[in-house]
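Report on one structure; see the data block that follows.
Bear in mind that the values in this text are calculations on the coordinates, not laboratory data. Small disclaimer: the values here were computed from a predicted structure and weren't measured. We place every Cβ from the backbone using ideal geometry, glycine too, and count neighbours over all the protein chains shown.
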Amino acid sequence: MELANASFSVVTSIATAAEEQSATSEEISRSVEEINQIVGATTDGMNQAAQAVAELSEIAQELNRVMGQLQNADDSAAKISC
């Protein structure tokens, strides 16, 4: 009888440990899914930021071009008035 009780205790302990491991595995799986969602959102945000930086770069180049034209126009006007 003692052997049966000991065996039952071991089986119960193993079953409890298996349930805990299963619950932990499910929690890890949920956490990994949340991380994947965060990574996806971060990637989208980085792509949008890169696009905005590219657009700002184009605008800055155009502004430099216009400023150069204005500067040349001012220089030409100053030479004519002299």
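Going from the residue with the fewest nearby Cβ atoms within 10 Å to the one with the most, 46, 1 rank 1, 46. Note on the chain: with charges restricted to the Cβ of Lys and Arg (+1) and Asp and Glu (-1), its dipole about the Cα centre is near 480 debye. For the chain, taking Cα atoms only, Rg and Dmax work out to 35.1, 119 Å respectively. Along the positive direction of the dipole of the chain (beta-carbon charges: Lys, Arg +1; Asp, Glu -1; about the Cα centre), which of 73, 40, 6 reaches farthest? Value computed over the given set: 73.
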